[in-house]
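Working notes, structure below.
Where a number appears in this text, it was derived from the coordinates with a stated rule and is not lab data. As the structure is a prediction and not an experimental result, all values here were calculated from the model. For neighbour counting, all protein chains shown are included, and Cβ atoms are generated from backbone atoms with ideal geometry for every residue, glycine included.
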Amino acid sequence: MHHPTLSAGRRALLAAAVVAAATAVPPPAGAAAAPTADRQQQYAAAAAEYGVPTDVLLGVSYLESRWDSNAGTPSTSGGYGPMHLTDARHVAALPGGGHHDAGTEDPRGDGSRPTLAPAPRPADDPAPPAAALQTVDAAAALTGAAPDSLRTDADVNIRGGAALLASYQRELGAPVGAGTDPATWYGAVARYAGADSADAAAAFADEVFTTIGTGESRVTDDGQRITLPARTIRPERSWLDRLGLRRLARPDGLECPRTISCEWIPAPYAAFGDGDYGNHDLSDRPGRQKIEYIVIHDTEASWATTLKLVQDPTYVSWHYSLRSVDGHVAQHVQTKDVAWHAGNWYVNAKSVGLEHEGFAAQGTWYTEAMYRTSAKLVRHLALRLGIPLDRQHIIGHDNVPGTTAATVRGMHWDTGPYWDWTHYFELLHAPRLDTGTPATGLVRIDPDFATNQPAFIGCVTAGVPCAPRGSSAVVLRSAPSADAPLVNDIALRPDGTPNTMEVSDHGARASAGQTYALAGRQGDWTAIWYLGQRAWFHNPASAPTASWTVGLVATPKPGRATIPVYGRAYPEQAAYPAGVPYQEISPLQYTLAAGQRYAVGAVLAGEYYRASTVDGSSPGDWTVIRGKNRYAQIQFGHRIMYVDLADVQLLPSPLGAPR
């Protein structure tokens, strides 16, 4: 697995830490507090044993894992347990390589240009991981615990994290002791991030101390109630200087909030022969065209490989990459320009794409540091660009529709069912409309992430059950029964057979935050309109997996038996100027029948952004073609889709609720 590039001074510091840890004398037998099943007491005992203020230990652990154990599985940066002790060798062994170079999706998604087929990704560098991403070994030397126990036993893992923090504090020459001022631990906390720059380390430490200041309390994924009482601390940031980390340049035009660590690593814009160029298109958004969406992706590759790919002119592009271990951000394309990331040119032209270091299904989890940085960045962009903070506009790559019937099946499915959309929207401080009832006719999918654990298969090996894990997805069945077959997505399974529980098969699932029109209720089951059919999900009053809301629904105009559904909102042929090839308004496989209703996310003008040459010399290049067509964006299945406004009537959802 690839890891952040380190300066010579930083490498020396980390190497010294590993040597010190390896030669440290383990604590004598019996020195550790007696094991206890109470997680709060485990933190207190580890803090006392190694001389770390308890709130510092809890704050660091929360920013790494939200105190979760994740059943002993690693994060996307190889971190284990509540303290995120890293063992990058495990993640290096993952197959990876998935969604940007497998399947048939053309990331550019523009039918007027040749299909873009990226070359296979480069092999990961086999160099040993940096010490910052191999902290299991250092913790083992400091505690005398076996690496396997540090990875899988929460109590031992917490002790290992406390030992590391204390060792970092000593190496900085700072005071150690459970009663020491937490403000003096800023440098040790910053170092715990594993960051390769002062900016990233400081951003991590600042978020830890902010968390301590606000306090937190939650039940972990294994049922432990943990509380961090609020405590105002003014951290002594001067300790950061002793880490000797490089400072990042923040050039003019860098589009990140000041509160996150961010750098400019540009994607190339250059011709490379045969009239082709890469790896994005110039524009002038939002002046030229309003940005409607922010698309959340995962990389399916390490950080270093991700940076290699986005700097390849023959490959694809996205606007930002986010690093797992510390939440650091690299911007590659200005938001005014169009990156090639979503596989649908209409969405590309109207979106900003964020790639998160990680894997959709390899048994790994996303770090809290990355969630928080991503949320800060998305909120900053959404407020600046006027993008609503809802699931109709903040979407996953798996919510982007195919462009035509021929492309639907090959569209990508990241970030997959293990991205925690509910927590992400809490971090976004997104508004919620929870004034609905069953009579208001709209359902927002809202499962409890930790306890909602669908029995997916194929996360690591095809056909093999995935390890039980919390999920944002609810499974949809063809009847109100746990024994009923899953619903059918005719584009994925044209023979009409039910979809499956394969983790990549999203044709029979809905995701947290998505809003659907109510289609019926029976006992503990709720039905929604989904891909032209009633789809049922378990929604008992004692443990609801959805909430009620209100809004607009689209339904065919009277007299229309069915209407077409589209994957892009393009203008009519008469709107295209001479010399610009017409992009056909091509319906998808699905139809929307009379009596069905779908939640409306937006009303949009038909638009097509013309870009086909590196210098804008082709007829119509770098212009937005607009016609008279207008569209309603609807939540038609797992993916958003579009219907012609001339085909539907828009109704307040209570008028569309089943009686």
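Miscellaneous remarks
- Taking the number of Cβ atoms within 10 Å of each Cβ as an exposure proxy, the fewest-first ranking of Met83, Met411 is Met411, Met83.
- Proximal aspartates and glutamates relative to Lys290, as straight alpha-carbon distance under 18 Å, when same-chain residues fewer than 8 apart are discounted: Glu255, Asp281, Asp337, Asp390, Glu607, Asp621
- The range 281-366: mean projected area of Cα convex hull, nm²: 5.7
- Computed over neighbours whose Cβ is under 10 Å from that of Pro229, the net charge equals -1, Lys and Arg +1, Asp and Glu -1.
- Under 26 Å from Lys308, Cα to Cα: lysines that are on another chain or at least 8 residues apart: Lys336, Lys350, Lys376
- Projected area averaged over orientations for the range 249-431, convex hull of C-alpha atoms, nm²: 10.9
- The Cα trace of the range 488-607 gives Rg and Dmax of 17.4, 62 Å, the first to one decimal, the second as a whole number.
- Gyration tensor (alpha-carbon) shape descriptor, the range 430-566, a/c threshold 1.5: oblate
- The chain: calculated mean residue ellipticity at 222 nm from DSSP helix runs of at least 4, using -39500 (n - 2.57): -6500 deg cm²/dmol
- Rounded if a/c under 1.5, otherwise prolate or oblate - the range 553-656, Cα gyration tensor axes: prolate
- Over the chain: Kirkwood hydrodynamic radius from C-alpha pairwise inverse distances, Å: 25.8
- The distance linking the range 510-582 with the range 407-454 is 15 Å (Cα centroid to Cα centroid, whole angstrom).
- Ranked His412, His380, criterion: other C-beta atoms within 10 Å, fewest first: His380, His412
- For the chain, hydrophobic long helices are taken as DSSP H runs at least 18 Å long by C-alpha position along their axis with mean Kyte-Doolittle hydropathy of 1.0 or more; these are 8-23.
- When each of the peptides 267-279, 190-202 is scored by how many other beta carbons lie within 10 Å of its residues on average, the order from highest to lowest is 190-202, 267-279.
- Neighbour-count ranking [beta-carbon atoms within 10 angstrom, fewest first] of Glu607, Glu64, Glu236: Glu236, Glu607, Glu64
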